[in-house]
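The values are calculated or read from the model by the stated rules, or taken from the named source; none is laboratory data. What you are looking at is a predicted structure, and each value in this text was computed from that prediction instead of being measured. Don't worry about glycine lacking a Cβ; one is built from the backbone with ideal geometry, like all the others, and counts go over all protein chains shown.
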Amino acid sequence: MSLIAMQGGATGTGTVTLLAPITNTNQTLTLPDVTDTVAGIAATQTLTNKTINASQLVDASVTQAKLGTNVAGNGPAFRATRSTAQTPSSSTWTKVTFDTETFDTNSNFASSRFTPTVAGYYQFNWSGATTGSASEAYVALYKNGSNEIYNFMIGVLAQNGYFANDLQYANGTTDYFEVYIYITDDAPSCSNLNMSGFLARGA
């Protein structure tokens, strides 16, 4: 079996050994240009659909946008809450206005709206609770201003809570997501309003 051993430099005594494969298939090792590194990843290089550890991303310029297809990597994630109750008009879909961000990793959440800048499939969670009685109560996830999916309760009693989640696609440019509430009858207020989401799978 062929091998090439290179002795260490003036300050080193170790060796670097290149060992030929044991198969009969010819193999080629291509060395990068001086601006790249064998151990790292070039700034213009696209990662393939493989699992990687954070320690392997030795080049700080490798951002989420440069990850290849189906690589979630460090995709956008956020969580927002509302510190006080919100009272919508009766029988009217009303946008929830969140006043607190627990975290927003890619600064994609603003004005109670999440607009992810990385294309892919996002897992969303949203919840709320009523502080009074009503015949119906809904908390919905809106995409681009339209109702995508909602949870609801009929014959709602005081202090009932509701929670829902869904997987949605975002194109990474114009798609945005919001949470709306809808309550009938005497329009009791809604409390414990939360919304969160994260990139589950790249486009």
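Tally up the residues in the stretch 80-124 that are under 14 Å from the mean Cα position of the chain (by Cα) and either of a type in the set (Ser, Thr, Tyr) or at pLDDT below 95 (or both), please. Qualifying residue count, the stretch 80-124: 10. The set of residues from the stretch 105-128 being surrounded by fewer than 18 Cβ atoms within 10 Å (Cβ to Cβ) and closer than 26 Å to Ser189 by Cβ comprises Ala110, Ser111, Ser112, Arg113, Asn125.
The residues in the stretch 159-203 that are without any contact (Cβ under 8 Å) to a residue 40 or more places away in the chain and not polar (S, T, N, Q) can be counted, and the count is 4. The residue of the stretch 137-162 that is modelled with the highest pLDDT, among those that are in contact with a Gly (Cβ under 8 Å, 6 or more places away or on another chain) and surrounded by fewer than 17 Cβ atoms within 10 Å (Cβ to Cβ), is Gly161.
Within the stretch 163-203, being modelled with pLDDT of 90 or more, assigned to a loop (DSSP other than H, G, I, E, B) and hydroxyl-bearing (Ser, Thr, Tyr) holds for Thr173, Thr174, Tyr176.
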